[in-house]
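The values are calculated or read from the model by the stated rules, or taken from the named source; none is laboratory data. Since we're looking at a predicted model, the values are computed, not measured. Methodologically, a virtual Cβ is constructed for each residue, glycine included, from the backbone with ideal geometry; neighbour enumeration extends over all protein chains shown.
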Amino acid sequence: MNTGQRGFTLVEIAIVLVIIGLLLGGILKGQEMITQAKIKNVIADFSGISAAYHGYVDRYKKIPGDDPCAGAGAGLTVGNCGTTTARWTGATGGNGNGQVGGTYNSATATDESRLWWDHLRRAGFVSGVGDQQPFNALTGQIGVQTGDNAGGPALGTDAAGTGGFSGLVICSANLPDKIAIAADTQMDDGVPTAGDVRGQLQSAPNPAVAKQAAAAYAETGTNVYLVCRSL
(Lines give C-alpha, C1' and ligand atoms only; values in the text may rest on other atoms or scores of the structure.)
Protein backbone atom coordinates (compact mmCIF):
# COMPACT_ATOMS: atom_id res chain seq x y z
CA MET A 1 0.00 0.00 0.00
CA ASN A 2 1.39 3.38 -1.02
CA THR A 3 1.36 5.73 1.99
CA GLY A 4 3.41 8.54 0.40
CA GLN A 5 1.89 12.06 0.37
CA ARG A 6 1.10 13.61 -2.97
CA GLY A 7 2.67 17.05 -3.51
CA PHE A 8 1.35 19.98 -5.52
CA THR A 9 1.91 19.90 -9.23
CA LEU A 10 3.53 22.80 -11.07
CA VAL A 11 0.15 23.67 -12.58
CA GLU A 12 -1.49 23.87 -9.15
CA ILE A 13 1.32 26.02 -7.78
CA ALA A 14 1.06 28.30 -10.81
CA ILE A 15 -2.70 28.70 -10.29
CA VAL A 16 -2.18 29.60 -6.61
CA LEU A 17 0.48 32.18 -7.54
CA VAL A 18 -1.84 33.71 -10.14
CA ILE A 19 -4.66 33.96 -7.58
CA ILE A 20 -2.32 35.57 -5.02
CA GLY A 21 -1.12 38.02 -7.67
CA LEU A 22 -4.68 38.96 -8.57
CA LEU A 23 -5.56 39.49 -4.91
CA LEU A 24 -2.50 41.68 -4.30
CA GLY A 25 -3.19 43.63 -7.48
CA GLY A 26 -6.78 44.19 -6.39
CA ILE A 27 -5.70 45.38 -2.95
CA LEU A 28 -3.13 47.80 -4.37
CA LYS A 29 -5.62 49.09 -6.93
CA GLY A 30 -8.21 49.56 -4.22
CA GLN A 31 -5.74 51.53 -2.09
CA GLU A 32 -4.86 53.74 -5.04
CA MET A 33 -8.56 54.39 -5.72
CA ILE A 34 -9.06 55.40 -2.08
CA THR A 35 -6.07 57.77 -2.28
CA GLN A 36 -7.38 59.34 -5.49
CA ALA A 37 -10.80 59.79 -3.90
CA LYS A 38 -9.21 61.61 -0.94
CA ILE A 39 -7.24 63.87 -3.30
CA LYS A 40 -10.43 64.79 -5.15
CA ASN A 41 -12.19 65.37 -1.84
CA VAL A 42 -9.45 67.75 -0.64
CA ILE A 43 -9.54 69.71 -3.90
CA ALA A 44 -13.35 69.84 -3.77
CA ASP A 45 -13.12 71.34 -0.25
CA PHE A 46 -10.99 74.23 -1.54
CA SER A 47 -13.25 74.80 -4.55
CA GLY A 48 -16.45 74.60 -2.51
CA ILE A 49 -15.29 77.09 0.12
CA SER A 50 -14.08 79.47 -2.57
CA ALA A 51 -17.46 79.29 -4.32
CA ALA A 52 -19.30 79.86 -1.02
CA TYR A 53 -17.15 82.91 -0.28
CA HIS A 54 -17.73 84.49 -3.68
CA GLY A 55 -21.45 83.72 -3.47
CA TYR A 56 -21.68 85.45 -0.08
CA VAL A 57 -19.75 88.51 -1.28
CA ASP A 58 -21.93 88.71 -4.39
CA ARG A 59 -25.13 88.57 -2.34
CA TYR A 60 -24.27 90.76 0.64
CA LYS A 61 -21.26 92.80 -0.59
CA LYS A 62 -19.48 91.86 2.65
CA ILE A 63 -16.85 89.30 3.65
CA PRO A 64 -18.22 86.43 5.74
CA GLY A 65 -16.90 86.56 9.29
CA ASP A 66 -15.94 90.21 8.86
CA ASP A 67 -19.55 91.15 7.91
CA PRO A 68 -20.71 93.80 10.46
CA CYS A 69 -24.31 93.52 9.32
CA ALA A 70 -24.67 89.80 10.00
CA GLY A 71 -25.38 90.17 13.71
CA ALA A 72 -24.87 92.16 16.88
CA GLY A 73 -21.61 94.04 17.26
CA ALA A 74 -19.97 97.45 17.21
CA GLY A 75 -19.95 97.49 13.41
CA LEU A 76 -23.73 97.19 13.12
CA THR A 77 -24.39 100.84 12.29
CA VAL A 78 -26.45 102.78 9.80
CA GLY A 79 -23.20 103.88 8.19
CA ASN A 80 -22.04 100.32 7.59
CA CYS A 81 -25.34 98.55 7.01
CA GLY A 82 -28.03 101.15 6.38
CA THR A 83 -29.81 99.86 9.50
CA THR A 84 -29.10 98.83 13.08
CA THR A 85 -31.16 95.65 12.71
CA ALA A 86 -29.01 92.56 12.35
CA ARG A 87 -29.45 90.32 9.33
CA TRP A 88 -29.80 87.24 11.54
CA THR A 89 -31.09 87.03 15.09
CA GLY A 90 -28.55 85.56 17.47
CA ALA A 91 -25.61 86.07 15.12
CA THR A 92 -22.44 88.04 15.88
CA GLY A 93 -21.12 90.51 13.34
CA GLY A 94 -17.53 91.26 12.41
CA ASN A 95 -15.81 94.65 12.55
CA GLY A 96 -16.03 95.33 8.81
CA ASN A 97 -12.36 96.23 8.35
CA GLY A 98 -11.97 94.08 5.23
CA GLN A 99 -9.94 91.33 6.90
CA VAL A 100 -10.86 88.10 8.66
CA GLY A 101 -9.38 88.26 12.15
CA GLY A 102 -8.18 85.11 13.88
CA THR A 103 -6.45 81.99 12.59
CA TYR A 104 -7.81 79.12 10.52
CA ASN A 105 -7.53 76.78 13.53
CA SER A 106 -8.88 79.24 16.11
CA ALA A 107 -10.44 77.84 19.28
CA THR A 108 -12.11 81.19 20.07
CA ALA A 109 -15.73 81.24 18.93
CA THR A 110 -15.82 85.05 18.62
CA ASP A 111 -12.86 85.25 16.20
CA GLU A 112 -13.89 86.30 12.70
CA SER A 113 -12.27 83.15 11.30
CA ARG A 114 -14.88 81.22 13.32
CA LEU A 115 -17.73 83.65 12.53
CA TRP A 116 -16.86 83.00 8.87
CA TRP A 117 -18.47 79.56 9.15
CA ASP A 118 -21.50 80.81 11.07
CA HIS A 119 -22.22 83.49 8.48
CA LEU A 120 -21.81 81.11 5.53
CA ARG A 121 -24.06 78.52 7.20
CA ARG A 122 -26.76 81.04 8.08
CA ALA A 123 -26.68 82.22 4.47
CA GLY A 124 -27.09 78.63 3.25
CA PHE A 125 -23.76 78.46 1.40
CA VAL A 126 -22.27 75.80 3.71
CA SER A 127 -24.06 72.93 5.41
CA GLY A 128 -24.29 72.63 9.18
CA VAL A 129 -24.99 74.94 12.08
CA GLY A 130 -22.66 77.05 14.22
CA ASP A 131 -19.14 78.40 13.95
CA GLN A 132 -17.02 75.24 14.35
CA GLN A 133 -14.54 74.62 11.55
CA PRO A 134 -15.25 71.56 9.39
CA PHE A 135 -12.80 68.69 8.89
CA ASN A 136 -11.35 67.22 5.72
CA ALA A 137 -11.28 63.55 4.72
CA LEU A 138 -8.00 63.12 6.68
CA THR A 139 -9.51 64.46 9.97
CA GLY A 140 -7.63 67.75 9.60
CA GLN A 141 -9.21 71.12 10.26
CA ILE A 142 -10.29 73.29 7.35
CA GLY A 143 -10.29 77.02 8.00
CA VAL A 144 -9.78 80.51 6.67
CA GLN A 145 -7.61 83.39 7.80
CA THR A 146 -5.97 86.54 6.51
CA GLY A 147 -2.43 85.62 5.48
CA ASP A 148 -0.63 88.08 7.76
CA ASN A 149 -2.52 87.14 10.94
CA ALA A 150 0.45 85.04 12.10
CA GLY A 151 2.67 88.11 12.50
CA GLY A 152 3.85 88.32 8.90
CA PRO A 153 3.03 86.93 5.45
CA ALA A 154 1.91 83.33 5.82
CA LEU A 155 3.90 80.54 4.20
CA GLY A 156 6.65 82.87 3.05
CA THR A 157 9.47 81.74 0.82
CA ASP A 158 12.15 82.47 3.43
CA ALA A 159 12.58 83.11 7.13
CA ALA A 160 11.72 86.78 6.65
CA GLY A 161 8.41 85.83 5.05
CA THR A 162 9.01 87.57 1.73
CA GLY A 163 6.72 86.44 -1.04
CA GLY A 164 4.12 85.05 1.35
CA PHE A 165 0.33 85.29 1.26
CA SER A 166 -1.16 88.61 2.30
CA GLY A 167 -4.88 88.16 1.55
CA LEU A 168 -7.47 85.57 2.52
CA VAL A 169 -6.32 81.96 2.47
CA ILE A 170 -8.09 78.61 2.90
CA CYS A 171 -6.07 76.05 4.86
CA SER A 172 -6.52 72.27 5.13
CA ALA A 173 -4.41 70.38 7.68
CA ASN A 174 -3.11 66.85 8.29
CA LEU A 175 -2.65 65.95 4.61
CA PRO A 176 -0.30 62.99 3.96
CA ASP A 177 2.59 63.90 1.66
CA LYS A 178 1.22 62.06 -1.39
CA ILE A 179 -2.16 63.80 -1.11
CA ALA A 180 -0.64 67.23 -0.39
CA ILE A 181 1.70 66.99 -3.40
CA ALA A 182 -1.08 65.85 -5.73
CA ALA A 183 -3.47 68.57 -4.52
CA ASP A 184 -0.86 71.33 -4.98
CA THR A 185 0.14 69.96 -8.39
CA GLN A 186 -3.42 69.72 -9.65
CA MET A 187 -4.50 73.12 -8.30
CA ASP A 188 -1.25 75.03 -8.86
CA ASP A 189 2.46 74.37 -9.49
CA GLY A 190 3.44 71.68 -6.99
CA VAL A 191 5.88 74.05 -5.25
CA PRO A 192 5.17 74.45 -1.51
CA THR A 193 6.54 78.00 -1.16
CA ALA A 194 5.33 79.59 -4.39
CA GLY A 195 2.14 80.17 -6.33
CA ASP A 196 -1.47 80.26 -5.15
CA VAL A 197 -1.20 76.97 -3.23
CA ARG A 198 1.50 76.42 -0.61
CA GLY A 199 2.42 73.67 1.79
CA GLN A 200 3.94 73.60 5.27
CA LEU A 201 5.51 70.50 6.81
CA GLN A 202 3.69 69.63 10.04
CA SER A 203 5.21 68.50 13.32
CA ALA A 204 1.83 68.43 15.11
CA PRO A 205 -1.84 68.16 14.03
CA ASN A 206 -3.61 71.31 12.81
CA PRO A 207 -0.56 73.61 13.29
CA ALA A 208 -0.51 77.38 13.11
CA VAL A 209 0.45 78.88 9.76
CA ALA A 210 4.12 79.88 9.91
CA LYS A 211 6.80 81.44 7.77
CA GLN A 212 9.38 78.95 6.55
CA ALA A 213 12.48 78.53 4.44
CA ALA A 214 12.09 77.40 0.85
CA ALA A 215 11.97 73.61 0.52
CA ALA A 216 10.47 71.09 -1.87
CA TYR A 217 7.81 68.59 -0.86
CA ALA A 218 9.31 65.31 0.35
CA GLU A 219 7.27 62.14 -0.20
CA THR A 220 8.56 59.88 2.55
CA GLY A 221 5.33 58.11 3.39
CA THR A 222 5.35 59.71 6.85
CA ASN A 223 5.44 63.47 6.14
CA VAL A 224 2.22 65.37 6.77
CA TYR A 225 1.45 68.86 5.43
CA LEU A 226 -0.75 71.87 6.01
CA VAL A 227 -1.82 73.16 2.60
CA CYS A 228 -3.19 76.68 2.07
CA ARG A 229 -4.69 78.25 -1.04
CA SER A 230 -5.15 81.92 -1.77
CA LEU A 231 -8.70 83.15 -2.21
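Is there any pair with a first residue in segment 195-223 that is without any contact (Cβ under 8 Å) to a residue 24 or more places away in the chain and a second that is acidic (Asp, Glu) and in a loop (DSSP other than H, G, I, E, B) whose Cβ atoms are under 6 Å apart and which are 6 or more apart or on different chains, and what are they? Final answer for the pair search is GLY195/ASP188; GLY195/ASP189. Residues that are among the acidic types (Asp, Glu) and either loosely packed, with under 13 Cβ neighbours inside 10 Å or under 21 Å from the mean Cα position of the chain (by Cα) (or both) occur at least once in segment 36-47. Taking the criterion of being closer than 19 Å to ALA173 by Cα, within 17 Å of the chain's Cα centre (by Cα) and either modelled with pLDDT under 95 or not small (Gly, Ala, Ser) (or both), the residues of segment 101-125 that qualify are GLY102, THR103, TYR104, ASN105, ARG114, TRP116, TRP117. The residues on offer are ASN41, ASN95, and the sole one that is under 25 Å from ILE181 (Cβ atoms) and either touching a helix residue (DSSP H, G or I) at 6+ places or on another chain (Cβ under 9 Å) or assigned to a helix (DSSP H, G or I) (or both) is ASN41. Examine segment 141-151 for a residue that is surrounded by 16 or more Cβ atoms within 10 Å (Cβ to Cβ), modelled with pLDDT of 95 or more, part of a loop (DSSP other than H, G, I, E, B) and in contact with an Asp or Glu (Cβ under 9 Å, 6 or more places away or on another chain), and state whether such a residue exists. The answer is no, given that none of the residues of segment 141-151 is surrounded by 16 or more Cβ atoms within 10 Å (Cβ to Cβ), modelled with pLDDT of 95 or more, part of a loop (DSSP other than H, G, I, E, B) and in contact with an Asp or Glu (Cβ under 9 Å, 6 or more places away or on another chain). Looking only at residues of segment 48-76 that are aliphatic (A, V, I, L, M), part of a helix (DSSP H, G or I) and surrounded by fewer than 16 Cβ atoms within 10 Å (Cβ to Cβ), we find that the one that is farthest from the chain's Cα centre (by Cα) is VAL57. Scanning segment 206-225 for residues that are surrounded by 14 or more Cβ atoms within 10 Å (Cβ to Cβ) and either at pLDDT below 90 or not small (Gly, Ala, Ser) (or both) yields a count of 10.
Inspect segment 15-35 for any residue being modelled with pLDDT of 95 or more, small (Gly, Ala, Ser), within 30 Å of ALA182 (Cα to Cα) and surrounded by 10 or more Cβ atoms within 10 Å (Cβ to Cβ) and give the result as yes or no. Within segment 15-35, not a single residue is modelled with pLDDT of 95 or more, small (Gly, Ala, Ser), within 30 Å of ALA182 (Cα to Cα) and surrounded by 10 or more Cβ atoms within 10 Å (Cβ to Cβ). In segment 190-202, of all residues being of a type outside the set (A, V, I, L, M) and closer than 14 Å to CYS228 by Cβ, the one that is modelled with the lowest pLDDT corresponds to THR193. One residue is enough: does segment 75-83 have a residue meeting the conditions in contact with a helix residue (DSSP H, G or I) (Cβ under 9 Å, 6 or more places away or on another chain), in contact (Cβ under 8 Å) with a residue 40 or more places away in the chain and not aromatic (Phe, Trp, Tyr)? Taking every residue of segment 75-83 in turn, none turns out to be in contact with a helix residue (DSSP H, G or I) (Cβ under 9 Å, 6 or more places away or on another chain), in contact (Cβ under 8 Å) with a residue 40 or more places away in the chain and not aromatic (Phe, Trp, Tyr). For THR85, the stated conditions hold: it is farther than 16 Å from GLY48 by Cα and at pLDDT 95 or above. Taking the criterion of being of a type outside the set (A, V, I, L, M, F, W, C) and at pLDDT 95 or above, the residues of segment 152-176 that qualify are SER172, ASN174, PRO176.
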